[in-house]
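I have placed the structure first, in the form of structure tokens, so that the comments after it can refer back to it.
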Amino acid sequence: MTNILAVECTHEVLSVALMCRGRKLERRGGGWQKTAESIVPLMDEVVSAGGIAPRELDAVAVSSGPGSFTALRIGMSAVKGVAFALDVPLLSVPTLPALAASLPADVSGDRVMAVVGSRKGEYFYALYRRDDLEAFRWHDEVSRGGVEDVAAALQDCAGKVVAVGRNLEPLRTVLDAGGVAGVNADFFSAASLFDFAIRAYAEPCRTGAGEVEPDYRQSFGSGGA
């Protein structure tokens, strides 16, 4: 049985999850502003709750972005430290396909638009076919733009589309105009990374922890989220 510690800190809420002995445990912290002070205690807490020693971890997984610049930087630094200290693989999981794949199965739709807030009224977004996500196939064409850009991307889509993300309210008018259901992604967390992490762990050639980098997608000024 593979023991994996996962961290999701790309936007809004920090979460840490452990998969071990056939169980999944999770702890959630505060907003991204508290990532630095919360991430290590949460990792310690969830590993302890799982009843295993840190040395029993087989790998560490992290959502690699895009998302909050500050939280990504802090989160990536913390998980790299764990991976190096334990000499285990660091599994990088792209945030947008993981977010799209976390959409509950009972929500109908051929395609999923995953949306993560950027800054100043802008968003990172990408469209995925659900059958591609189920087969762990996806493109890396992530876009960034404002409400009008999201609207244009939706207009170009064929088939039923569902949008998933946190705080979709600013996009509500656009979604309603396009007949697109918007699903609040409160369910997206570190535990959502496990399917992708298991797949990555099984790969014969994995990227070394020192080579894994956050997907910032943009430059932020000092203090930017």
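Rule-based calculations on the coordinates, nothing more; no lab input. All values derive from a computational prediction rather than experimental measurement. Counting neighbours? That spans all protein chains shown, and the Cβs are built from the backbone with ideal geometry, glycine included.
At a glance:
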{"quantity": "Candidates V107, V150, V16, ranked by Gaussian network fluctuation over the chain, Cα under 10 Å, top entry", "calculated": "V107"}
{"quantity": "Sequence-distant aspartates and glutamates (8 or more away, or on other chains) whose Cα lies within less than 12 Å of K160", "calculated": "D110"}
{"quantity": "Neighbour-count order for S143, S92, fewest beta carbons within 10 angstrom listed first", "calculated": "S143, S92"}
{"quantity": "The chain: calculated mean residue ellipticity at 222 nm from DSSP helix runs of at least 4, using -39500 (n - 2.57)", "calculated": "-9000 deg cm²/dmol"}
{"quantity": "Gain in span if fully extended, K160 to A36, counting 0.36 nm per residue against the direct Cα distance", "calculated": "40.7 nm"}
{"quantity": "Mean Cα-pair separation over length for the range 96-184, i.e. relative contact order, pairs under 8 Å, 6 or more apart, %", "calculated": "30 percent"}
{"quantity": "Choice from L18, L193, L171 with maximal GNM fluctuation in the chain (Cα, 10 Å cutoff)", "calculated": "L171"}
{"quantity": "Taking the range 140-200 and dividing mean pair separation by its residue count, relative contact order in percent (alpha carbons under 8 Å, at least six apart)", "calculated": "30 percent"}
{"quantity": "Length-normalised contact order for the range 23-115 - Cα pairs under 8 Å, 6+ apart - percent", "calculated": "26 percent"}
{"quantity": "Max mean-square fluctuation residue, GNM over the chain, Cα-Cα springs under 10 Å, options T95, T173, T70", "calculated": "T173"}
{"quantity": "DSSP beta bridge pairing in the chain, given as percent antiparallel to the nearest 5", "calculated": "55 percent"}
{"quantity": "H11, H139 arranged by Cβ crowding within 10 Å, fewest neighbours leading", "calculated": "H139, H11"}
